[in-house]
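The values are calculated or read from the model by the stated rules, or taken from the named source; none is laboratory data. Predicted model only: the values in this text are computed from it and were never measured. Here the Cβ is made from the backbone with ideal geometry for all residues, glycine too, and neighbour counts use every protein chain on show. When the accessible area is computed, the model is the full protein with side chains, heavy atoms only, and any ligands, DNA or RNA have been set aside. Shrake-Rupley method; radii C 1.70, N 1.55, O 1.52, S 1.80 Å.
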Amino acid sequence: MKVTITVNGTPYTRDVEPRTLLAYFLREHCGLTGTHVGCDTSSCGCCVAVLDGQTAVKTCTMFAVQADGHEILTVEGLAAGGALHPIQQAFSDQHGLHCGYCTPGMMLTTVALLKHTPAPTEAQIREGLAGNLCRCTGYNNIVKAVQQAADVLRQPAAATK
Amino acid sequence: MAEARQVPEVAAPAVAQGNAAYAWPTHPTYMGTDVQRIDGPDKVTGRAKYSYDIQRPNMLYGRIVRSPHPRARVVAIDLTMARQAPGVKAALAVVEPNAILMFQGEEVAAVAAATEEQARDAARLVKVQYEVLPPLTSVEQAMSPDAPKVFPDGNVREGAAEETGDLAAGFKAAAHVVEQTYNTQVQTHVSLETHGCVCEWDGDKLTAWVSTQAVHGTREGFAQALKIPQANVRVITQYMGGGFGSKFAPDAQGIICANLAKQAGAPVHLMLDRKEEHLATGNRPSAYAKIRAGVSADGMLTAFDAQTWGTGGAGVGAGFPLPYIYQFPNRRRQHKDVYINAGGARAMRAPGHPQGCFITEVLMDELADLVKLDPVDFRMKNLPPDAPDARWRAYFPIAAKLFGWDKRHPTGDATPGPIKHGFGCSANRWGGGGRGSHAHCEILPDGGVIMRCGTQDIGTGTRTLVSIVTAETLGLPIDAVNTEIGDSLYPFSGGSGGSTTAASVTPAIRVTAVKALDALKAKVAPKLGVPPADLVASDGRLHARNDRAKGMTWKEACRTLGAEPIAVDGEWQPGLSASGTSGVQMAEVEVDTETGVSKVTRLVCVQDCGLIVDKLTAESQVIGGVLFGVNYALFEDRILDRNTGQMVNPNMEWYLIGGPSDVPEITAHLVDQPERGVIGLGEPPAVATAAAIANAIANATGVRLRSLPMTPDKVLAALEQQRAGGTR
């Protein structure tokens, strides 16, 4: 089946099998390997991308054809013009990662979380990231990173993403 | 029978003996401070390539056909249909007919095809005929006298009894005796990046991008299994998504991947899925202990008599230290390894210690209650003598103060309402320490610095530590150092296990950087008219020790090299690292006695690790380790169907690990011990948590849980038993 999915602003038209999962479309058809798969069953959140700038989706349990005609944001599309996105900067600054395998999914969930909850409480951050699992960090620095990103993004001059 | 593979414990002294030539700086710029991770930017942009992310031209995808049965004989394997399936370029049988398969998930055959989906399709077309044999599915079944003899040397391997002192006299001196059985579950590693690799042949040379904790060990493993020279193998691990002790070798899937790539004449990507990960890549063995222990009226431990057992699966041992830390003058222990038809154990974050700690520390609280002593006071009376690697006497009071232990109520929260609060404590120890690690340093005429070491960063921050020590030694900014690790072409370094990486790698980097700097000083000294021994490097300058102006910038100094860079090799030397850590944890829980749900609200961890190299990564390691322990205490459990022996939760939906809301408020109090040198911290913080939580739950509810994980059903059952007037 022919699909056209706009990933990070670039349209990708590819012929895929109906069963092709969005995660593998991104990784193998677009070569964007920052989207990881950790569990295959939408439990861990390593594969999260943002659909149409609004919704965090688990790409390991979504078919590529379901994203046909839609826009997808992955970790590779976060930085604009060489500068890190405030969320990326915050995860790096606050040491919100160890092995880093879960980090892309954490950050993309954060994009959607802060879109809908620009000034989250700590409890809202923890609840908002409940679908993303990390085996290394113990999450506390991830929560700090989301707090920093929220603070920066609320500044009037912040990036428009 | 195979033992759980792990890095052997290091026999190193507890105190660094001093090494004047390479001594750690007494007034460091970076060491011991909060230094940002140098790989942060690569990891937040997706530029960091994990083995899973490697894509090579014409790369194929491999899949393994695994036994669906915990025990079976292979009658026949037919690859014909699979070979004819679309996209298939290689297919092979891993075992011969008549092979006996001993666990669900054991490797039987494999295929490689152009796409992941085609490989999965083809794997389903491999026809395997099995004669299903009755499995051993639990330790109870395997130990029963009428169990079938499944393992050639018996289902149970009984170790020699360990006995010290006079047990009868010990029990005679006891005013109180506890007789109970304790147990811990099987836990799997759940690294978010699964095991696997990409293998590519160039003639008879193999390059393998492997998710491994040991690039050199994995090179050796490939060479041995494939019967090729080690020189023909290159193993690369630039980034990896965790290992926790389960990734030290190519494993079956690595060898299969290399063989598929050879057969297909193309690179093969073979990463396991989550189910395979749970079934076949290792676990922490279960532990059981039937204990009789005595305490005197004045609160001194008198006797300890234990029968212990546990299973590491099919043919792997299940040892653990017991009793843990505390001194029972008269003791006996008889241990049995029990084999069942399940995936074999591997080293897992402080192998054996969380088991031994949980069992001993819960017992300690039971004994303290009998003599009506505060758990901390009781422990203080029974600790071994103070030593550099045994500092609990100092740490219990520190933790108590930080935690507010004096507000602890006696066992059983007497306040009304269903939510009960409680405090618990426990202690831990671990080895750590360093050994032979090598490095190579180049100082380039344009001022560039390259430090190469064949270690690997499993996620803890090793790459950053290498940069910190190099920059510290050369007086340069951290980002002036090009750290290159994760490649078996670089100088040898051991596996990242046993909390030995920091103590192995950082001394090697220190020695190598000092040697490189000495070589540069020798070049520059005549030009400055200062003896080399009087030159120091700081703030990007090489200058006379007592006259900063008398010197030149780092770049100017390097320019004097002309066309020939400095290139020196160095290796680990004694005197910069030591072995042995101790720590104490205290936990507060709230237990809902109507639902049985326990929540850890607060945890204090007092932990030493020798000289702290990067405070930021060290503290973060503690927080992560504590959550590892919370998971072990409350959530994680590999559950086998008692009839079929099949794992019923081989996923991350029903095999639970904690999420962001399950983390307590954590106070990480690191004790810096610069005089001991570097030791290591990966494992220690994960040891004591479950025991502290167990004791806190008992303090809250008045009922004692002696079995991990402490799930709501067990809490409710214990409360029900108490209401029914049962034993406590």
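In this structure, the amide hydrogen of residue A:63, modeled 1.01 Å from its nitrogen in the peptide plane, lies closer than 5 angstrom to those of A:22, counting only residues at least 5 positions away or on a different chain. Between the listed residues B:644, B:44, B:18, the Cα displaced farthest toward the positive end of the dipole of the protein assembly as shown, a dipole computed from Cβ unit charges relative to the Cα centre, is found at B:18. Note on the range A:86-156: with charges restricted to the Cβ of Lys and Arg (+1) and Asp and Glu (-1), its dipole about the Cα centre is near 80 debye. Which shape class applies to the protein assembly as shown: rounded if a/c is under 1.5, otherwise prolate when a/b exceeds b/c and oblate if not, where a ≥ b ≥ c are the square roots of the Cα gyration tensor eigenvalues? Verdict is rounded for the protein assembly as shown.
The H on the amide N of residue B:150, modeled in the peptide plane, is under 5 Å from the matching H of B:155, each at least 5 residues off or on a different chain. When chains B and A come together, the accessible area they lose, probed at 1.4 Å and totalled over both chains, is close to 4100 Å².
Residue by residue along B:182-193, Cβ atoms of other protein chains within 10 Å of the local Cβ number 3 on average.
Given their separation in residues at 0.36 nm each and the Cα-Cα distance between them, residue B:442 and residue B:419 gain 2.1 nm when the chain is fully extended.
Computed about the Cα centre, the dipole magnitude for chain B is approximately 540 debye when only Lys and Arg (+1) and Asp and Glu (-1) carry charge, each at its Cβ. Calculated [222 nm] ellipticity per residue, helices only, for chain B: -8000 deg cm²/dmol; basis is -39500 (n - 2.57) per DSSP H run with n ≥ 4, divided by all residues, nearest 500. Peptides B:176-189, B:312-325, A:116-129 ranked from most to least packed, by the mean per-residue count of other Cβ atoms within 10 Å: B:312-325, B:176-189, A:116-129. When every Cα-Cα distance of chain B is counted in 20 angstrom steps from zero, the calculated P(r) takes the values 17, 45, 31, 7, 0 percent.
Under 5 Å from the amide H of residue B:647 lie the amide H atoms of B:641, each residue being 5 or more positions distant or on a separate chain, with H modelled from the backbone and absent for Pro and chain starts. Summarising the label geometry, the points placed 7 Å from Cα in the beta-carbon direction at residue B:56 and residue B:639 lie 4.1 nm from one another.
Cross-link partners for residue B:521 among the lysines, with Cα-Cα distance under 26 Å and sequence neighbours closer than 8 places in the same chain left out: B:550, B:555.
With the convex hull drawn over the C-alpha atoms of the range B:26-140, the volume per residue is 219 Å³. Farthest toward the positive end of the dipole of the protein assembly as shown, out of A:54, B:630, B:427, is the Cα of B:427, where the dipole comes from beta carbon charges about the Cα centre. With unit charges on the beta carbons (Lys and Arg positive, Asp and Glu negative) and the dipole taken about the Cα centre of chain A, which residue among A:36, A:6, A:69 sits farthest to the positive side? About the Cα centre, the residue reaching furthest to the positive side is A:36. For the peptide A:125-135, the mean number of other protein chain Cβ atoms found within 10 angstrom of a residue's Cβ is 5.
Shape class for the range B:531-634, computed from the alpha carbon gyration tensor (a ≥ b ≥ c): prolate, with a/c not under 1.5 and a/b above b/c.
A simple rule links phi to the HN-Hα coupling: the Karplus curve 6.51 cos²θ - 1.76 cosθ + 1.60 with θ = phi - 60°, which for the range B:354-363 gives x, 5, x, 5, 4, 5, 5, 5, 5, 4 Hz, with x for Gly and Pro. Per the Debye calculation on chain A with a single equal scatterer at every Cα and no solvent contribution, log₁₀ I(q)/I(0) for q = 0.15 Å⁻¹ amounts to -0.75.
When the alpha carbon gyration tensor of the range A:2-77 is reduced to an equivalent ellipsoid, the three semi-axes, largest first, read 17, 14, 11 Å. For the protein assembly as shown, the Cβ-based charge dipole about the Cα centre amounts to some 480 debye (Lys, Arg positive; Asp, Glu negative; other atoms uncharged). Per-residue mean of foreign Cβ neighbours for B:35-41 is 5 (Cβ atoms of other chains, 10 Å radius). For chain B, the relative contact order works out to 17 percent when only alpha carbon pairs closer than 8 Å and six or more residues apart are counted. Straight-line cross-link reach from residue B:407 at under 18 Å between alpha-carbon atoms covers these aspartates and glutamates, not counting any fewer than eight positions away in the same chain: B:365, B:369, B:374, B:377, B:588, B:590, B:665. What the range B:436-571 shows is 35 Å² of accessible area per residue, with the surface traced by a 1.4 Å probe over protein heavy atoms.
Local charge for residue A:143 was computed over the other residues whose Cβ lies under 10 Å away, with Lys and Arg +1 and Asp and Glu -1, and equals +1.
The label point for residue B:296 and the one for residue B:83, both projected 7 Å from the Cα toward the Cβ, are 7.7 nm apart. Other residues whose C-beta falls under 12 angstrom from the C-beta of residue B:175 contribute a net charge of +1, scoring Lys and Arg +1 and Asp and Glu -1.
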